[in-house]
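Asks: One structure is given below, represented as structure tokens, and several questions about it will come after.
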Amino acid sequence: MGKLEKQTEHRARARSDVASLVRYHSPQVDIDVRLNTNEAAEPPPVAFMSDLQRALDRVDLNRYPDREARELRVGLGERYGLSPDWVFCANGSNEVLQTLLLAYGGEGRCAAVFEPTYAMHSQIVRITGTRLVGTARRSDFSLDQALLAGVVEAEKPDVLFLCSPNNPTGQVDSDDLIQVALELLAPHGGLLIVDEAYGQFTTTSAANLLREDRSLVVSRTFSKTWAMAGLRLGYLLGPPWCLSELEKVVLPYHLDSIKQEAGLLALAYGSHMEARVEAVVAERQRLTQALRELPVTVWPSQANFVLFRPESMSGTQVWRGLLGRSVLVRDFSTAEGLDDCLRVTIGTQSEDDRFLVAMREVLL
Ligand SMILES: *Cc1c(COP(=O)(O)O)cnc(C)c1O
């Protein structure tokens, strides 16, 4: 027996599928220009922060939070013209997705994703003991009816993930494609999850297609458009028959009082959020245009990030070159289907300028 084995043999063993997992990883390093995790570049308005401090004075920390998160769900429902029983809130949309898979995935069930997409979808599928069916998108990262039909008919997935706009490619799935997915899934009783973490950066939303008799749910988050990644608040819009299953598997009191206050208060700043989103969309246009003048392939994006691939250098070389200039972008160069690709989050104008200067230095 080797020395290492000897030292670890007394340790309890995790489930074998967990032991073989690799944890979700996105480097958090101290750097001047952080354009790697699609956060908002600027904090929420100053007035929001002082309102929040006042709201916190009223929180009874000795008491459990409102388990129903009633006021927050009413407020979110109003934004979408839905009653509160169509809204489920959780600690970031990641917890929303995990709760969905706890209820609709699990042993003997399968979930379909189209790669490349947000890595946490397949991670959550695996963690919940659900069988993963991963299928490659078309070479331009698009999805179409034939691709969807092939997967749904062969695998009859219990859950199908779409991500619109898709992270990291920035593409949107049309309403028509979502309707097609619903029609394909219906005979098998599968659930369609549309992850709209970047939904506000584009013009269409699957939320408009929600109906009591459709197995469709739409997840959104305060992390990106609402400039509150640090708060960990996300929500799901969907029919009450589905959401009531989620309430059974989620932990009681999972949504703390502070988060409920902050989320509700944020909704009163909706017009600020919309103005920020508009500015990001304009800046995305500017950054995309500037990237097109460099020797890189650029994928047009509907989100707050842009995916690109250097034409004359490897992705890793460019990533390191940027890092050396204190600019951090997301490195997808070794990810399947994304060879040599990098993703840059839209920052402030000055951050984006620093990125562009660094790109010119590295590439030209
Ligand atoms: C960032 C991101 C999320 C995670 O959101 P949280 O609300 O911060 O958990 C979910 N989905 C996609 C596609 C994302 O990019």
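Asks: Name the single residue, out of those in segment 215-224 being within 10 Å of the chain's Cα centre (by Cα) and among the hydroxyl-bearing types (S, T, Y), that is farthest from the ligand (Cβ to nearest atom).
Replies: S219
Asks: Now, a different point. Can you tell me which of T297, T225, T288, T221 is exposed (fewer than 15 other Cβ atoms within 10 Å of the Cβ) and β-branched (V, I, T)?
Replies: T297
Asks: Residues of segment 69-101 being farther than 17 Å from L265 by Cα and either assigned to a loop (DSSP other than H, G, I, E, B) or not assigned by TED's automatic domain parsing to the domain that holds F161 (or both), which ones?
Replies: Passing the criteria: G81, L82, S83.
Asks: Now a separate question. Please report, ordered by residue number, the strands (runs of 3 or more DSSP E) entirely within segment 225-329 with at least 1 residues that are touching a residue at least 12 places away in the same chain (Cβ under 8 Å), more than 24 Å from the chain's Cα centre (by Cα) and more than 16 Å from the ligand (Cβ to nearest atom).
Replies: 296-299, 305-310
Asks: So, in segment 330-351, how many residues would count as being on the phi > 0 side of the Ramachandran plot and buried (at least 20 other Cβ atoms within 10 Å of the Cβ)?
Replies: Total satisfying the criteria: 1.
Asks: Quick one: would you say P65 is in contact with a helix residue (DSSP H, G or I) (Cβ under 7 Å, 6 or more places away or on another chain) and part of a loop (DSSP other than H, G, I, E, B)?
Replies: yes
Asks: Right, something else. Quick check, is R34 surrounded by fewer than 16 Cβ atoms within 10 Å (Cβ to Cβ), of a type in the set (K, R) and either at pLDDT 95 or above or not in a loop (DSSP other than H, G, I, E, B) (or both)?
Replies: Criteria not met by R34.
The values are calculated or read from the model by the stated rules, or taken from the named source; none is laboratory data. Bear in mind that the values here come from a model prediction, so they are computed numbers and not experimental data. Methodologically, a virtual Cβ is constructed for each residue, glycine included, from the backbone with ideal geometry; neighbour enumeration extends over all protein chains shown.
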